[in-house]
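The values are calculated or read from the model by the stated rules, or taken from the named source; none is laboratory data. From a predicted model like this one, the values you see are computed outputs, not experimental measurements. Note: ideal-geometry Cβ built from the backbone for every residue, glycine included; neighbour counts use all protein chains shown. Ligands, DNA and RNA are excluded from the accessible area calculation, which covers all protein heavy atoms including side chains. Shrake-Rupley method; radii C 1.70, N 1.55, O 1.52, S 1.80 Å.
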Amino acid sequence: MLFSDIEGSTALLSRLGDRYAEALSAQRAVLRGAIGASHGHELGTEGDSLFVVFESAGDAVRCCVAAQLALAGHDWPDGAVVRVRMGLHSGEPIRHEDGYIGMDVHRAARIAATAHGGQVVLSDATRVLAEPQLPAGASVHDLGWHRLKDIEAPERLYQLAAARLEQRFPPLRSLGAQTSLPLPMTPLVGRDGDVERLAVTLRQPAVRLVTLTGTGGVGKTRLALAAAASLGEAFQHGVYFIPLAAVRDAEVMWKALADGLDVSGAGAAAEMVAAHLSNRQALLVLDNLEQLDGAAGIVATLLLAAPGLVILATSRRPLHLQGEYEQPVLPLEVPREVGVEDVAACGAARLFAQQAAMVRPGFALTEDNAADVAAICRRLDGLPLAIELAASRVKILAPGALLARLGLSLSLDARDVGRPSRQQALRDTIAWSYDLLTSGLQEDLRRAGVFAGGCDLDAFAAVALADHDRGAELDPLHQVAELLDVSLVTVTEGADGEPRVSMLETIREYALERLERSGDLDMIRRRHAEYYASFAERVNGQLRGPGHLASLYRLEAEHDNLRAALSWSLDTRAEDRANDRERAVTGLRLVQALAQFWYEHGHASEGRRWLQRAIELASDSDAGEPLAQVAHWLGALMQQQGQNDMAVTFFERSLAIWRHLDDQDKVARELNSLGITHSHLGHPDAARSLLEDSIDIARKIGGGVRLASALTSLGHVESVAGNVGRATEVQQEALALDRALGDMLGVAIDQQALAVTSLRAGRAREADHLLSATIDYVVSSGDTEFLANTLELSAAVAAHLQAGLRAARLAGAAEGVRQRMGMPIPARDAAMLERFLAPARATIARDMWDAAVTAGRALTQQQAAALLQQASTRDTPM
């Protein structure tokens with residue numbers, strides 16, 4: 001199949017006016033001459049485009065070569081140039097009336113749309129068929145993998161080359177390859193050769209692992225990004241950037257990998273990531289591995305699990321794995337001569353000039369400053385970070401004055417003699433920038449080193465600026481601006497539109513070292529942990545109301561800081577905890593405030609780990625209320641992961657404490673949790689009794705939230721038991737309460753509970769209406785368990801409405817979500833789902849049903865959510 005059209009036909013029409021018709025007719029005549037000579041069959045003409053089919057790929061290629069040569073040699077009206085783009089694809093379209101239809105036809109058209117005028121682009125299918133039949137002197141050039149509009153699978157494309165045909169064209173007009181690479185703010189300077197060598201290495205079939213090594217600040221990350229950006233079309237399933245500077249242990253690294261690859265769920269992240277990559281041809285850029293002792297083991301696991309995976313790592317040291325290609329990243333070339341042309345030819349000087357011009361408009365290398373710039377670059381060993389920091393001072397210091405200050409401030413410290421020379425230079429450059437600050441800003445920078453993953457202005461003020469003795473209250477925005485001005489922090493826009501302050505990791509490490517030297521490290525870490533404990537408590541209080549979703553995302557944005565606070569307060573030796581009860585209390589505050597976030601946002605495994613550590617602290621101190629809270633949430637996360645027997649133990653432990661404390665609100669909560677768990681265990685009588693006790697207590701104390709939750713749970717038990725009237729009654733009461741409370745999560749849960757009851761009563765349309773009202777909330781919530789439940793309920797509704805294939809696909813999608821999360825469906829819910837799916841399955845051929853389930857199971861969480869949002873419940877083609 002050949003599609004062709006004129007590139008820039010509208011501009012051509014504007015230029016030629018009435019003579020455009022003459023050009024169009026000539027173009028058609030030239031093409032039809034080549035088509036006829038090559039045994040082609042013209043099936044469609046629209047404007048300047050043609051659709052032609054050939055029985056032989058060799059004929060199609062010969063036609064394109066002849067047509068392009070004839071077009072190039074034609075005498076066009078008014079000296080215009082008519083350039084025609086062409087796309088070839090081979091497949092098995094379906095005959096329809098007097099033409100063809102099918103995805104192969106669409107694919108051929110999309111391939112043609114990627115080409116430029118004068119260019120012929122082929123699919124891999126056409127290349128395979130045509131290569132043995134190519135005309136003399138013709139060849140094909142690999143253009144890599146490309147995503148085409150509205151076509152999910154990427155396509156490998158080739159360019160047809162022949163004598164007298166144009167060879168050089170811009171990149172194809174495709175969607176490119178999937179990528180998560182961040183876009184640097186400035187051009188990469190002085191690394192052209194390094195980028196090319198690295199790209200060539202990564203393209204070699206035998207190369208699976210390349211590690212860029214070098215000192216901090218030498219530019220490993222920028223080099224990796226540039227090389228990866230040039231390789232997108234070489235990797236069918238995309239290029240992914242995984243920043244790991246804030247990660248300190250293997251489990252969190254697996255979670256970071258899952259997040260970066262958009263692999264949903266927190267349970268068994270290692271297995272999910274390995275399975276996701278197992279059949280993909282992708283490039284992973286793993287940035288900053290040197291602080292991770294287990295990094296080599298994780299990289300080895302990934303390479304073993306995914307034969308098509310290539311990893312580009314950055315680290316200050318090699319991973320020492322078999323098959324590893326180590327590529328040291330050297331400093332930029334520094335000027336050896338002082339003439340302006342020689343200086344300007346060196347990467348280090350060009351980087352200095354670029355950065356200096358950003359803070360001092362009009363700055364350029366001249367005969368007057370070239371020698372000083374060359375000396376600065378040599379003094380800084382060509383290290384990009386050091387050069388950038390130094391160049392930022394050109395705002396106030398000319399290169400000569402800057403050089404003098406470097407000479408005074410950057411001498412080696414005797415304690416640092418054992419450090420590599422480049423590390424000494426970088427460290428001294430940061431120290432020099434630090435020494436230029438006022439004593440107050442030095443203190444601010446030291447203290448800001450405790451933040452992991454950055455912070456907002458409120459956190460900066462509370463942790464870095466508190467208890468200052470500098471007169472009037474400090475404005476955090478002003479202090480941050482001062483640090484930003486000397487390039488010691490970066491400021492980005494947070495999800496809420498507010499400034500977010502971060503540091504390069506090398507500067508953060510230096511700040512922490514200076515903080516420890518000042519004797520304030522423990523005090524500031526304590527302040528950091530206490531601030532984030534208060535932050536988590538405040539946001540947790542907003543999780544049952546209109547701000548529910550925004551609160552979840554606020555906690556997610558601060559996850560690295562919360563982990564750092566948890567680590568400081570809970571990762572301590574027993575003797576340390578005994579001597580510092582306040583530290584342990586902060587840890588207990590944190591886990592209590594974060595437990596619901598872990599439960600709802602896919603961090604169940606990580607949450608259980610922190611809660612297990614916390615319950616040891618609470619037990620040691622006979623902590624009463626904290627112990628009860630921790631036990632409750634341990635039970636909740638165990639129940640979420642299908643460990644109901646273990647969950648009962650912790651819920652009962654929590655219940656006993658609340659009864660001892662005579663806290664009736666919490667007693668009602670634990671009775672509700674126990675009732676739900678016994679329902680999952682298949683104990684309906686015990687569940688009903690516990691839930692009715694919970695409802696009685698909630699009514700007595702006027703607890704609207706507790707009452708609504710228990711009513712919803714009782715409705716579920718009654719619905720399972722077939723007591724439809726009673727179930728509907730209590731569920732409607734729960735819905736009214738949650739609406740009055742403004743609890744959007746509760747409203748969605750109640751509507752789905754009523755949908756289940758309606759479905760059991762045979763009112764599928766009513767169930768569909770109730771369910772549809774919840775879907776937008778479910779998708780936006782990020783609650784993976786809620787998504788799985790909704791997919792299953794949607795499958796049951798679709799099956800009852802005789803949309804069997806959609807039901808199968810939804811059920812498969814739910815299976816996939818649960819498998820990736822390590823969150824099995826409760827037995828009673830599975831039985832209900834099977835009750836509705838079985839009749840639908842019986843009406844569809846087994847292979848079609850299985851194919852639909854398999855297709856659903858393969859969907860990512862994002863794709864599963866999109867499937868859920870499709871309004872139609874009619875069967876659609878697979």
Evaluate the following for Ala115: is it among the hydrophobic types (A, V, I, L, M, F, W, C) and modelled with pLDDT under 90?
-> no
Can Gln870 be described as open to solvent by 50 Å² or more (accessible area, probe 1.4 Å) and more than 21 Å from the chain's Cα centre (by Cα)?
-> yes
Flagged pairs (Cβ under 6 angstrom, 6 or more apart or on separate chains; first in the range 211-230, at pLDDT 85 or above; second of a type in the set (D, E, K, R) and in a helix (DSSP H, G or I)) are Leu212/Lys220; Leu223/Asp194
Is the range 292-301 home to any residue that is of a type outside the set (Lys, Arg), within 25 Å of Arg818 (Cα to Cα), part of a helix (DSSP H, G or I) and in contact with an Asp or Glu (Cβ under 9 Å, 6 or more places away or on another chain)?
-> no
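Here is a yes/no grid of residues against (1) at pLDDT below 95; (2) more than 20 Å from Asp738 (Cβ to Cβ); (3) of a type in the set (Gly, Ala, Ser); (4) buried (at least 17 other Cβ atoms within 10 Å of the Cβ):
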| site | (1), (2), (3), (4) |
| --- | --- |
| Glu625 | yes, yes, no, no |
| Leu671 | no, no, no, yes |
| Ala698 | yes, no, yes, yes |
| Ile701 | yes, no, no, no |
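Going by the structure shown, is Val285 open to solvent by less than 10 Å² (accessible area, probe 1.4 Å), part of a loop (DSSP other than H, G, I, E, B) and either closer than 30 Å to Pro335 by Cα or touching a residue at least 24 places away in the same chain (Cβ under 8 Å) (or both)? Outline the logic, then answer.
Values: open to solvent by less than 10 Å² (accessible area, probe 1.4 Å): yes; part of a loop (DSSP other than H, G, I, E, B): no; either closer than 30 Å to Pro335 by Cα or touching a residue at least 24 places away in the same chain (Cβ under 8 Å) (or both): yes.
Taking the combined requirement at face value, the residue does not satisfy it.
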Going by the conditions given, is Ala466 in contact with a Lys or Arg (Cβ under 8 Å, 6 or more places away or on another chain) and either in a helix (DSSP H, G or I) or modelled with pLDDT of 85 or more (or both)?
-> no
Given (1) surrounded by 15 or more Cβ atoms within 10 Å (Cβ to Cβ); (2) in a loop (DSSP other than H, G, I, E, B), Ala153 misses just (1)
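Identify, from the list Thr649, Thr712, the residue that is within 30 Å of Glu616 (Cβ to Cβ) and either in contact with a strand residue (DSSP E or B) (Cβ under 8 Å, 6 or more places away or on another chain) or among the hydroxyl-bearing types (Ser, Thr, Tyr) (or both).
Numbers: Thr712 fails: within 30 Å of Glu616 (Cβ to Cβ).
Exactly one of Thr649, Thr712 is within 30 Å of Glu616 (Cβ to Cβ) and either in contact with a strand residue (DSSP E or B) (Cβ under 8 Å, 6 or more places away or on another chain) or among the hydroxyl-bearing types (Ser, Thr, Tyr) (or both), namely Thr649.
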Arg427 passes all but one of (1) at pLDDT below 90; (2) open to solvent by 60 Å² or more (accessible area, probe 1.4 Å); (3) under 26 Å from Val329 (Cα atoms); which number fails?
-> (2)
Cβ pairs under 7 Å, 6+ apart, first in the range 592-620 and over 14 Å from Arg563 (Cα atoms) and touching a residue at least 60 places away in the same chain (Cβ under 8 Å), second in a helix (DSSP H, G or I) and open to solvent by 30 Å² or more (accessible area, probe 1.4 Å) = His601/Glu556
Please go through the range 498-546 and pick out each residue that is of a type outside the set (S, T, N, Q), open to solvent by 30 Å² or more (accessible area, probe 1.4 Å) and not in a helix (DSSP H, G or I).
-> Glu498, Pro499, Arg500, Met503, Leu504, Gly519, Asp520, Gly541, Arg544, Pro546
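If you take the residues of the range 316-366 that are of a type in the set (S, T, N, Q) and within 30 Å of Leu292 (Cα to Cα), which of them is nearest to the chain's Cα centre (by Cα)?
Here is the first cut: in the range 316-366, the ones of a type in the set (S, T, N, Q) are 322, 327, 354-355, 366.
Narrowing the set further to residues that are within 30 Å of Leu292 (Cα to Cα) leaves 322, 327.
Working: Gln322: 29, Gln327: 27 Å.
That would be Gln327.
Any residue at all in the range 432-448 that's in contact with a strand residue (DSSP E or B) (Cβ under 9 Å, 6 or more places away or on another chain), more than 20 Å from Ile396 (Cα to Cα) and at pLDDT 90 or above? Walk me through it before giving the result.
So the first thing to find is which residues in the range 432-448 are in contact with a strand residue (DSSP E or B) (Cβ under 9 Å, 6 or more places away or on another chain), and the list is 448.
From what is left, the residues that are more than 20 Å from Ile396 (Cα to Cα) are 448.
From the residues that got through so far, the ones that are at pLDDT 90 or above too are 448.
Yes, the conditions are met somewhere in the range 432-448.
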Within the range 191-219, work out how many residues are surrounded by 19 or more Cβ atoms within 10 Å (Cβ to Cβ), part of a loop (DSSP other than H, G, I, E, B) and of a type outside the set (A, V, I, L, M, F, W, C).
-> 7
Selected residue (criterion: surrounded by the fewest Cβ atoms within 10 Å (Cβ to Cβ)) from residues of the range 243-259 that are modelled with pLDDT of 85 or more and within 14 Å of Gly453 (Cβ to Cβ) | Pro243
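Just the residues that are assigned to a strand (DSSP E or B) and either open to solvent by less than 30 Å² (accessible area, probe 1.4 Å) or more than 29 Å from Ala130 (Cα to Cα) (or both), please, taken from the range 12-58. Before the answer, list the steps.
Quick first cut of the range 12-58, residues assigned to a strand (DSSP E or B) only: 41-46, 49-53.
Passing the criteria: Gly44, Leu50, Phe51, Val52, Val53.
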Considering the range 262-279 alone, what residues qualify as being modelled with pLDDT under 85 and at negative phi?
-> Val263, Ser264, Ala266, Gly267
